[in-house]
Amino acid sequence: MALSVSARRKMISISRAVFGSDPTGYSGRVCGWRSLSRSATAVEVDSTRVKEYEDYRRALYGGLTHKALLVDAVGTLFIPSQPMAQIYRQIGEKYGVDYSEAEILNRYRRAYEQPWGRSRLRYVDDGRPFWQHIVSSSTGCSDSQYFEELYNYYTTDKAWHLVDPEAEKIFRSIKKAGVKLAVVSNFDTRLRPLLRALNCDHWFDAVAVSAEVEAEKPNPTIFLKACDLLGVNPEDAVHVGDDRRNDIWGARDAGCDAWLWGSDVHSFKEVAQRIGIEI
């Protein structure tokens with residue numbers, strides 16, 4: 001069901017009234033990924049406005065149906081096993097990196113926040129040019145062997161672990177109930193081998209990764225692509241992610257429902273229950 005321009009604008013207005021502006025600023029990323037979960041004190045959601053948003057969706061679509069679940073990768077499905085600056089320094093010591101972890105983190109933040117001028121996307125193909133710039137800016141080291149060791153480390157299960165230990169059981173139940181599943185992530189082409197390394201690639205019916213879709217969240221294009229891959233309408237999908245701007249605003253701009261991980265939902269069991277699936 002395509003929304004009119006006025007209906008879409010009202011939806012976005014209500015959504016942003018509920019969630020406010022992004023309170024988090026820098027989210028901290030690790031060779032391309034967030035290293036820290038969102039603060040529990042980010043913003044308290046006004047329950048009256050949440051109800052207003054849900055009522056408006058019901059009025060538009062004749063109800064709230066969730067035929068598909070879209071899941072953010074870093075910060076929602078899995079997280080780094082060690083702090084980014086610690087790994088950058090630990091691996092970098094043998095290549096002459098002598099900055100403290102605090103200095104690496106500060107330099108990383110400055111580098112990441114600068115516009116990436118080589119393309120409109122940070123994550124193009126395998127993302128190497130972007131990450132070479134970030135790593136050398138963060139550590140002062142441009143040694144290609146250092147970069148390759150660090151880059152490859154973040155493609156292994158040593159670097160990451162799943163957020164929810166019950167995720168496999170929950171996703172199996174969700175799929176058994178007929179709900180389709182997709183990962184929607186701002187990531188380079190290492191996402192697919194990483195999902196295989198974490199032994200969770202088979203949980204999902206589709207993967208929409210920004211480097212392949214050529215659109216990064218909060219651009220609604222990536223959410224629409226995920227829905228297209230699953231064969232569902234956007235209004236029949238709900239997205240779960242930990243970033244208000246990228247995940248919540250982006251998904252709602254596409255016409256999907258959206259829940260903030262760590263605020264609206266705290267586990268995939270809770271996600272399943274909100275969809276209407278008892279575990």
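The values are calculated or read from the model by the stated rules, or taken from the named source; none is laboratory data. Computed from a prediction, not measured in an experiment: that's the story for all the values here. Cβ: placed from backbone, ideal geometry, glycine included. Neighbour counts: every protein chain shown.
Report the residue count in the stretch 250-279 for those that are in contact (Cβ under 8 Å) with a residue 40 or more places away in the chain, farther than 19 Å from Pro234 by Cβ and part of a strand (DSSP E or B).
Total meeting the criteria: 1.
Thr155: in contact with a Phe, Trp or Tyr (Cβ under 7 Å, 6 or more places away or on another chain) and surrounded by 14 or more Cβ atoms within 10 Å (Cβ to Cβ), yes or no?
No: the conditions fail for Thr155.
Starting from residues that are more than 20 Å from Arg122 (Cα to Cα) and assigned to a helix (DSSP H, G or I), keep the ones in the stretch 176-199 and report whichever is farthest from the chain's Cα centre (by Cα).
The selected residue is Lys176.
Inspect all residues belonging to the stretch 110-126 and state whether any of them is closer than 16 Å to Ile91 by Cβ and in contact (Cβ under 8 Å) with a residue 12 or more places away in the chain.
Taking every residue of the stretch 110-126 in turn, none turns out to be closer than 16 Å to Ile91 by Cβ and in contact (Cβ under 8 Å) with a residue 12 or more places away in the chain.
Pull out all pairs, ordered by first then second residue, where Cβ-Cβ is under 6 Å, the residues are six or more apart or on different chains, the first lies in the stretch 233-249 and is in the same structural domain as Ala68 (by TED's automatic domain parsing) and farther than 16 Å from Val183 by Cβ, and the second is not hydroxyl-bearing (Ser, Thr, Tyr) and not in a loop (DSSP other than H, G, I, E, B).
Pro234/Cys227; Arg244/Phe19; Ile248/Phe19; Ile248/Ala258; Ile248/Leu260
Residues in the stretch 99-109: is at least one outside the structural domain of Trp259 (by TED's automatic domain parsing), closer than 30 Å to Pro165 by Cα, of a type in the set (Gly, Ala, Ser) and not in a helix (DSSP H, G or I)?
no
Examine the stretch 192-203 for a residue that is farther than 30 Å from Tyr99 by Cα, buried (at least 18 other Cβ atoms within 10 Å of the Cβ) and in contact with a Leu (Cβ under 6 Å, 6 or more places away or on another chain), and state whether such a residue exists.
Checking the stretch 192-203: not a single residue is farther than 30 Å from Tyr99 by Cα, buried (at least 18 other Cβ atoms within 10 Å of the Cβ) and in contact with a Leu (Cβ under 6 Å, 6 or more places away or on another chain).
Among residues belonging to the stretch 67-98 that are part of a loop (DSSP other than H, G, I, E, B) and in contact with a strand residue (DSSP E or B) (Cβ under 7 Å, 6 or more places away or on another chain), point out the one that is farthest from Asp236 (Cα to Cα).
Ser81
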